[in-house]
Every structure is written in structure tokens, then in C-alpha cells.
């Protein structure tokens with residue numbers, strides 16, 4: 001699995017990243033040990049970028065996996081929705097001394113001011129070395145357009161797929177797929193790291209994994225594709241599909 005530079009962050013990430021939301025109590029309810037086994041299988045295939053979130057309930061799964069490796073083998077990102085949870089709590093949950101990336105999670109247009117305050121506050125964590133890069137995740141075209149011009153944001157995570165599906169009952173906010181792609185490209189041109197989420201349209205495109213991965217994998221302004229993978233076979237399939245997309 002090829003690694004690339006994540007914008008100007010100084011972080012190298014695998015082109016495929018492992019999304020852990022499905023492991024948590026609101027979905028498959030995997031034990032930390034079961035989740036860790038999948039993460040380590042993915043690492044064996046070169047997927048060294050693992051994504052979690054405070055509200056996924058999967059910090060224990062990532063923490064369990066981290067116990068089996070050296071910390072610098074992987075890139076770990078997490079997310080917070082509100083300013084109440086501290087970085088120290090997240091680090092304690094994960095059993096690590098630093099986060100590679102910390103995102104403000106799923107920022108809506110109404111939450112822009114709060115997210116800006118959180119990003120500003122986390123600059124101190126960057127100086128301490130406890131957070132290496134600060135990011136914004138959003139389903140909103142307008143927020144992505146705004147964030148592209150924020151100098152203190154290092155990484156942007158946005159939904160990218162051919163249909164614009166974000167969740168089982170929602171799509172891209174404030175615009176179209178084409179507008180989200182344009183906002184993403186603008187952020188990339190400003191040297192921000194770009195992580196594509198919802199590559200499989202929250203499962204709605206899972207019957208066409210090759211087309212879905214190829215659609216995103218060929219975009220020159222996407223550094224990593226974040227996908228949840230439920231089995232070793234699915235991990236292997238997605239690795240092979242991304243390699244094919246990159247070769248085309």
C-alpha cells in the first residue's frame with residue numbers, strides 16, 4: 001500500500017485508511033479485541049492510517065490494537081464534536097501520548113464559529129506535540145469552501161462519492177457533488193491534507209466497490225480514502241481495487 005504526504009502536515013498516510021465507526025455500540029458492537037484484530041489485519045496489508053472518534057465508541061478498539069505495535073507504525077486520527085472533551089481525555093482513552101490528526105467532527109454551517117474556536121484552542125496542543133495536525137470533517141459544501149481558506153486547518157475530511165450520499169437518510173449539504181469536489185480541490189491547492197469519507201455512500205454503494213473506489217481513487221486531490229472494512233476478505237478486496245484504480 002502506497003503512502004503519500006498529507007498536504008503540508010509532514011504526515012505520511014496510506015492511500016487507504018480504516019474507518020472504525022461500524023465497530024462501535026451503534027453498529028456492529030464488536031469487542032475491542034475483535035476490532036483490534038481487524039485493524040492489525042489491515043496494517044498487515046499496508047493500511048496504516050486508522051480513523052476513530054470520541055462519539056463512535058471505538059477508542060478502546062484502537063487502543064487495543066496500539067498495544068500490539070509501536071506507535072510510529074500507524075497514523076491515528078480522532079474527532080470531537082464539542083469543546084467539552086479535552087485532548088488529554090482522548091489521549092488517555094487511546095493510550096497514546098499524541099494524535100496525528102484531531103478533527104472537529106461533522107461541522108455544519110451553524111457550527112462554524114464553535115469549530116473555529118476549537119481549532120484555535122488546539123493550536124496550543126500542536127505546540128506541545130500532543131496533536132500533530134488539526135482538521136475539520138464536514139458534510140457541507142459551504143463549510144468546506146470556508147475551511148479551504150482557514151490557515152489554521154491542516155486537514156479536510158469530506159464525503160466523496162458519485163451520488164453524494166452521506167448517511168442512510170442524508171446527502172451532501174448546501175450543494176452538489178460537483179461543488180464538493182471543487183471545494184476539496186481548492187483546499188488541496190492550498191496544501192491541506194484531504195481525506196475522503198463515505199466512499200461507499202454509507203453502504204448504499206457497497207454492491208459496486210470497484211466503481212466506488214475507482215471514482216475517488218483517481219482524483220488527484222484526495223490523499224486517502226477512509227473506508228470501514230468488516231473482514232479480512234473485504235480489506236484485501238479494497239486494497240486490490242485501489243491499486244487497480246491507481247494503475248489505470
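Here, each number is a calculation from the coordinates, and none is a lab measurement. For clarity, every value in this text was computed on a predicted model and none was experimentally measured. In this analysis, Cβ positions are derived from the backbone assuming ideal geometry, glycine residues included, and neighbour counts consider all displayed protein chains.
Computed quantities for the displayed model
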read-out: Residue with peak Gaussian network fluctuation, the chain [Cα springs, cutoff 10 Å], from 124, 228, 35; value: 124
read-out: Residue with peak Gaussian network fluctuation, the chain [Cα springs, cutoff 10 Å], from 114, 163, 85; value: 85
read-out: Segment residue 109-residue 176, length gained on full extension (0.36 nm per residue, minus Cα span); value: 22.6 nm
read-out: Over the stretch 3-247, relative contact order from alpha-carbon pairs under 8 Å, at least 6 apart, %; value: 20
read-out: Relative contact order, percent, the stretch 24-156 [alpha-carbon distance under 8 Å, six or more residues apart]; value: 19
read-out: Two-site label geometry, residue 191 and residue 126: point separation in nm, points 7 Å out along Cα→Cβ; value: 1.2
read-out: Calculated SAXS-style log₁₀ I(q)/I(0) at q = 0.11 Å⁻¹ - the stretch 1-102, Debye, Cα scatterers; value: -0.30
read-out: Cα centroid separation - the stretch 173-229 against the stretch 24-48, whole Å; value: 22
read-out: Share of pairwise Cα separations in the chain, more than 26 Å, in percent; value: 32
read-out: For the chain, calculated [θ]222 nm from helices alone, where every DSSP H run of n ≥ 4 adds -39500 (n - 2.57); value: -11000 deg cm²/dmol
read-out: For the stretch 107-231, convex hull of alpha carbons as volume per residue, Å³; value: 111
read-out: Efficiency of FRET from Cβ geometry, residue 167 and residue 85, R₀ 22 Å, rounded to 0.05; value: 0.50
read-out: Theoretical gain in end-to-end length, residue 218 to residue 67 [0.36 nm per residue, Cα-Cα removed]; value: 50.9 nm
read-out: The stretch 3-247: antiparallel DSSP beta bridges as a percent of all, rounded to 5; value: 15
read-out: Distance between modelled label sites at residue 92 and residue 240, nm, 7 Å Cα→Cβ extension; value: 4.5
read-out: Most to least packed among 205-214, 50-59 [average Cβ atoms within 10 Å]; value: 50-59, 205-214
